[in-house]
Amino acid sequence: MSNSTFFKSIGYKVLMALSGFFLMFFLVQHLTINLLSIFSADNFNEVSHFMGTNPLVQFLLQPVLIFAVVFHFVMGIFLEYRNNKAREVSYAYNKPSANSTWMSRNMIISGLTVLAFLVLHFIDFWIPEISTKYVLGDMSGLLPSGEFRYHHELQEKFIHIERVIAYVVSFIFLSLHLMHGFQSSFQSVGFRQNKNMIFLSKLSYLFAILIPAGFISVALFHYFNH
Ligand code: HEM
């Protein structure tokens, strides 16, 4: 590998890690708001209305988030393609299953499953939200009854068992993706010492289990309590 190719591949991995950090931070924020829907419909409605109408969130944070999502999966597909080309020869000699986890070898599979989930998720929530606000021009956030609509709309989605199953399966793949992705992002930005590695891999498993488990609880809670 020439020096310039080496540095380019390090650069891509750092960018991948930075977008990954941003998305992990988003997941924590998203889960925190979703958990409110379990504990207090009023608080969930207030926060959702704020997030959905605040200009800073709508016109700065939301485009940055969409950019980070698209960047992360386009780069992921590109890096996978490039690694596959580089691996064609070395795989004949090495036994990958002995040296790496299933999760690290199948990031593209777990990543594409999360991407498929995002398409469904945007059809479920994001597109109706954008069309209510910016096509129909209804920024009130209210139902005809005068109540806020957000909690009600969330509950309506989880009435259907097929959707709950699709979401839960996706969250399991999200968990597999994070199990490797969390620790890999830290390694890509230089967190490499051996003694830290054990701590990092424990933290990675903790994050990868707790965050998807939180999302699963939200989906199941609304399925069983509507
Ligand atoms: C039970 C689990 C989940 C529920 C109930 C849920 C619910 C919602 C709701 C109500 C919105 C708001 C739509 C809007 O106002 O724009 C939203 C947006 C979004 N969700 Fe989720 N979500 C869940 C899990 C996830 C997961 C696991 C991910 C990522 C892997 C995710 C990614 C997103 C994204 C990227 C948006 C668009 C944010 C924006 O720009 O407004 N969601 N979700």
With only helices counted (DSSP H, runs n ≥ 4, each -39500 (n - 2.57)), the per-residue ellipticity at 222 nm for the chain, to the nearest 500, works out to -25500 deg cm²/dmol
Note: the chain at 37 °C, 0.692 mPa s; Kirkwood Rh on alpha carbon pairs; Stokes-Einstein D in µm²/s works out to 168
Total charge of the residues flanking H226 in space, meaning their Cβ is under 10 Å from its Cβ, with Lys and Arg +1 and Asp and Glu -1, is 0
Note on the chain: helices (DSSP H) long enough, at least 15 Å by alpha carbon along their axis, and hydrophobic enough, mean Kyte-Doolittle at least 0.5, are 3-39, 62-90, 107-121, 161-188, 194-224
Taking R0 as 45 Å and r as the Cβ-Cβ distance between Q58 and K85, the FRET efficiency 1/(1 + (r/R0)^6), rounded to the nearest 0.05, comes to 0.65
Of all lysine pairs in the chain that are eight or more residues apart or on different chains, those with Cα atoms under 24 Å apart total 7
Here the relative contact order (percent) of segment 3-224, from C-alpha pairs under 8 Å and at least 6 apart, is 32
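Since every read-out is calculated from the coordinates, none of them should be taken as a lab result. All of these numbers come straight from a predicted model, not from anything done at the bench. Note that we place each Cβ from the backbone using ideal geometry, even for glycine, and neighbour counts take in every protein chain shown.
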